[in-house]
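Visitor: Okay, handing you the structure first.
Computed from the coordinates by the stated procedures, all read-outs in this text should not be read as laboratory data. These numbers come from a predicted model, not from an experiment. Note: ideal-geometry Cβ built from the backbone for every residue, glycine included; neighbour counts use all protein chains shown.
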Amino acid sequence: MSLLAAAVDAAGGMRRWEEISTIDLRFRCGGIAMPTKGQPDAIRRVHATIDTRRPHVELHGLGTFDADDQRPCHMARRLRWKTADVVHFTGYAIWGYIGAPFIFAREDFAVRELSGRRLRVDFPQTIPTHCTRQTFHFDHDALLTRLDYTAEPVFGKLARAQHRCYEYRELSGLLVSTRRRVTPRGLPAPLLVSIDIDDLAAA
């Protein structure tokens, strides 16, 4: 069995994922990333509804992210983000985080298995993400433990990050990491982003 197939099975299986059309979740965010963009409180507590079929996320009380909409420009250079920037960043990020590894099986993704239980994933240009090529690390149970990326479009080419996943729980038939911590690549601090999922339901 390939690592991708094992990862999909470990996370709940493709059959269960394809039964789901939307995911409703509540999560909390911290870290220094949003304060550096002048938005310290924008996503401290978030209620989101994710469309699993396409990159579309309703951020209740903030706005709607859709990959087909015109993307905010010059986010990395902008010292203070607008609400549209916050929605774009939060929407594409949470869609990709919750969708992994299931979305990697789509025809428009290119996946290569690397040594050390890693997947190199090339995202299609049509889907906003931190960077087109990312590396995903899995443990011996095929659960995602870490992803590496450079968030150049939103924070600049020096934003090389390691994103660690902890505390998996079964929620609506999916095995979900409910605690995530993002720091600079190779460093334990500072904490760039924290994500804590309090509730998740699938329909």
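Visitor: Cα axis of helix 83-99 to longest principal axis of the chain: angle in degrees, 0 to 90, nearest 10?
Guide: Helix 83-99 and the main axis of the chain meet at about 10 degrees.
Visitor: Go ahead and run the numbers for FRET between Gln70 and Asp122, Cβ-Cβ distance against an R0 of 35 Å, rounding to 0.05. Each step should come with its number before you reach the end.
Guide: Numbers: r = 24 Å, r/R0 = 0.68.
Efficiency at R0 = 35 Å is approximately 0.90.
Visitor: If you count, for each residue, the other Cβ atoms within 10 Å and average over each peptide, how do 143-154, 24-35 line up from highest to lowest? Let's see the in-between values first.
Guide: On the way: 143-154: 19.6, 24-35: 17.3.
By packing density, highest mean first, the sequence is 143-154, 24-35.
Visitor: Sticking with this one: Quick query: amide H of Thr22 versus all other amide H atoms, modeled in the peptide plane; which residues come in under 5 Å with a sequence gap of 5 or more or a different chain?
Guide: Answer set, sorted by chain and number: Thr52, Ala203.
Visitor: Calculate one ³J(HN,Hα) per residue across the stretch 6-22 by plugging θ = phi - 60° into the Karplus curve 6.51 cos²θ - 1.76 cosθ + 1.60, and present them in order as whole Hz with x for glycine and proline.
Guide: 5, 5, 4, 4, 5, 7, x, x, 5, 4, 5, 4, 6, 6, 9, 10, 9
Visitor: Further question on the same structure: Rounded, prolate or oblate: pick one for the stretch 3-202, where a ≥ b ≥ c are the square roots of the eigenvalues of its C-alpha gyration tensor, a/c under 1.5 means rounded, and failing that, prolate if a/b is larger than b/c, else oblate. Display every interim value, and only then the final one.
Guide: On the way: a/c = 1.44, a/b = 1.26, b/c = 1.14.
Since a/c stays below 1.5, the shape of the stretch 3-202 is classed as rounded.
Visitor: Counting only residues 5 or more places away or on other chains, whose amide H sits under 5 Å from the amide H of Phe109 once H atoms are built in the peptide plane?
Guide: none
Visitor: Distance between Cα centroids, the stretch 151-203 to the stretch 1-47: provide it in whole Å.
Guide: 8
Visitor: If contacts are Cα pairs under 8 angstrom and at least 6 residues apart, what is the relative contact order of the chain in percent?
Guide: Details: 410 pairs, mean separation 48.2, N = 203.
The normalised contact order for the chain reaches 24 percent.
Visitor: Here is a further query. Read phi for every residue in the stretch 129-146 and hand back ³J(HN,Hα) as whole Hz from Karplus 6.51 cos²θ - 1.76 cosθ + 1.60, θ = phi - 60°, with x for Gly and Pro.
Guide: So the Karplus estimates, Gly and Pro as x, are 7, 4, 7, 4, 10, 9, 10, 10, 10, 10, 8, 6, 8, 6, 8, 5, 10, 6 Hz.
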